[in-house]
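Down below is the structure, laid out as structure tokens.
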Amino acid sequence: MKTKLSAVLALALVFTLASFASQTAVTGILTDDMCTKKHMMPGKPNADCVRECIKHGAKYVVVSGGKVFVLKGNPEEFSPLAGKKVKITGEQKGDTFTVASIEAAQ
């Protein structure tokens, strides 16, 4: 019985550590996949352009070091940071980033 319990606990620990190991942090500009770096609403702040593009079906992305990462997560958490430099933490698979946390960056 103790052997089975030890095995279950060890397996749980391995899965927990693996989930932490897959967390990645990226810092970049929170924008949309329609405009990315060049916004198309002259005279308006970038944040307004991002939010308008999102309303029309664009996806939130982070541009970091020339790479574009499509964000999966809660758009309501992304909106206040639209057009700003952010730090995102989560799981990256290819060019998609499942966001665990997002915050303003300096």
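The values are calculated or read from the model by the stated rules, or taken from the named source; none is laboratory data. These numbers come from a predicted model, not from an experiment. Positions of Cβ are generated from backbone atoms using ideal geometry, with glycine treated the same way; all protein chains shown enter the neighbour counts.
If you go through the stretch 13-25 one residue at a time, do you hit one that is surrounded by 10 or more Cβ atoms within 10 Å (Cβ to Cβ), modelled with pLDDT of 80 or more and either hydrophobic (A, V, I, L, M, F, W, C) or on the phi > 0 side of the Ramachandran plot (or both)?
Scanning the stretch 13-25, I find at least one residue that is surrounded by 10 or more Cβ atoms within 10 Å (Cβ to Cβ), modelled with pLDDT of 80 or more and either hydrophobic (A, V, I, L, M, F, W, C) or on the phi > 0 side of the Ramachandran plot (or both), so the answer is yes.
Taking the residues in the stretch 64-106 that are of a type in the set (D, E, K, R) and in contact with a Gly (Cβ under 9 Å, 6 or more places away or on another chain) as candidates, determine which candidate is modelled with the lowest pLDDT.
Restricting to residues being of a type in the set (D, E, K, R) and in contact with a Gly (Cβ under 9 Å, 6 or more places away or on another chain), the top hit is LYS67.
Considering every residue within the stretch 53-61, establish whether at least one is surrounded by 14 or more Cβ atoms within 10 Å (Cβ to Cβ), hydrophobic (A, V, I, L, M, F, W, C) and under 16 Å from THR27 (Cα atoms).
Yes, the conditions are met somewhere in the stretch 53-61.
Hey, does the stretch 21-44 have a residue that's in contact with a His (Cβ under 6 Å, 6 or more places away or on another chain) and not in a loop (DSSP other than H, G, I, E, B)?
no
Just checking, how many residues over the stretch 39-52 are buried (at least 16 other Cβ atoms within 10 Å of the Cβ) and farther than 21 Å from GLN106 by Cα?
4
Considering only residues of the stretch 62-83 that are in contact with a helix residue (DSSP H, G or I) (Cβ under 7 Å, 6 or more places away or on another chain) and assigned to a loop (DSSP other than H, G, I, E, B), which is surrounded by the most Cβ atoms within 10 Å (Cβ to Cβ)?
ALA82
Looking at the structure I just gave you, is PHE97 closer than 9 Å to LEU30 by Cβ, in contact (Cβ under 8 Å) with a residue 12 or more places away in the chain and in contact with a strand residue (DSSP E or B) (Cβ under 9 Å, 6 or more places away or on another chain)? So that I can check it myself, show each step before the final result.
Values: closer than 9 Å to LEU30 by Cβ: no; in contact (Cβ under 8 Å) with a residue 12 or more places away in the chain: yes; in contact with a strand residue (DSSP E or B) (Cβ under 9 Å, 6 or more places away or on another chain): yes.
No, not satisfied.
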